[in-house]
Structures are given as structure tokens and as C-alpha cells.
Amino acid sequence: MKPIRVVAALAVVAGVLVMGAASAEKKGADTVTVLVALRDIPAGVPLRMEDLAQASLPRAQVTSSFVRPEFASYLIDQPVTVPVLHDDPILWSMFEPSRRDEASVRCFGALKGKTAQEQVAELRARVLAP
């Protein structure tokens, strides 16, 4: 192979690598940091700062329902209304609204005293029951 062709081939390969690296950096910029659970949290248990971690998710998969780290202080000491499993994203809908409807009160009462795993299993069984 002629030296000029070798140099040209290497230049093309280097260009492709640089473009790939730039593309990878750009993809990293298309993420959003959200809060996730560090442990299973049963329904009714107040959220603590130690229960939370941050995770980066693709921007296309994150809605305004996801809680961002800068809003964590609003949720500390607020009980979750649904069981939250380890690594679940924290959503605003997991917390008590300003008013409770009768169905929510009955459902919450039936889950009290159970672990998050037990609560999820019971809710799945109720929802999927024939």
C-alpha cells in the first residue's frame, strides 16, 4: 500500500473516532438527573434523605412526574402512598395529595404493616384478579 493511502486511511479512521467520541459526549448531555429509591420503602413510611439517590435517565424518558434532586426537601418526612422498590424513580404521584378519596384510604389501610415487596405482590394480585 502506498504511504499516501495509509495516511489517508488513518486520517479517515481518526475522523470517525473523533466523531464517535463527540457523539457519545452529546448523548451524555441528553440525560436528566432524577431521584431514585436506595431501598424498598413500604407505603405509609415517611421518606428520608438517606432513602434517596440520584440517577441519570434519558431526557426522552423523563416527564414532569419525576422528582428532580433540587426538590427533594419538599418530600422529606412525607409518607409514600404506594410501595416503592429499590431503584424505582421517585414520582410526585407517590405522595399524598391535598385531599384523599375513600378508595385510597381503604387501599392504604389494607397495606399497612406489610413490607414493600408484600405490598407490591398484594396490589398486583388485586389488580390482576379475575
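Data for the structure
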| quantity | calculated |
| --- | --- |
| Residues of the stretch 94-104 satisfying the condition of being at pLDDT 60 or above and exposed (fewer than 10 other Cβ atoms within 10 Å of the Cβ) | E102 |
| Selection count where residues are among the aliphatic types (A, V, I, L, M) and modelled with pLDDT under 95, scope the stretch 17-44 | 8 |
| Per-region count, the stretch 28-47, residues of a type outside the set (V, I, T), farther than 19 Å from K114 by Cβ and loosely packed, with under 15 Cβ neighbours inside 10 Å | 4 |
| Residue check, A11 surrounded by 10 or more Cβ atoms within 10 Å (Cβ to Cβ), small (G, A, S) and either within 24 Å of T115 (Cβ to Cβ) or at pLDDT 70 or above (or both) | no |
| Selection within the stretch 73-87 - at pLDDT 95 or above and either small (G, A, S) or surrounded by fewer than 17 Cβ atoms within 10 Å (Cβ to Cβ) (or both) | L85, H86, D87 |
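The values are calculated or read from the model by the stated rules, or taken from the named source; none is laboratory data. The structure displayed is predicted, hence computed values, not measured ones. Positions of Cβ are generated from backbone atoms using ideal geometry, with glycine treated the same way; all protein chains shown enter the neighbour counts.
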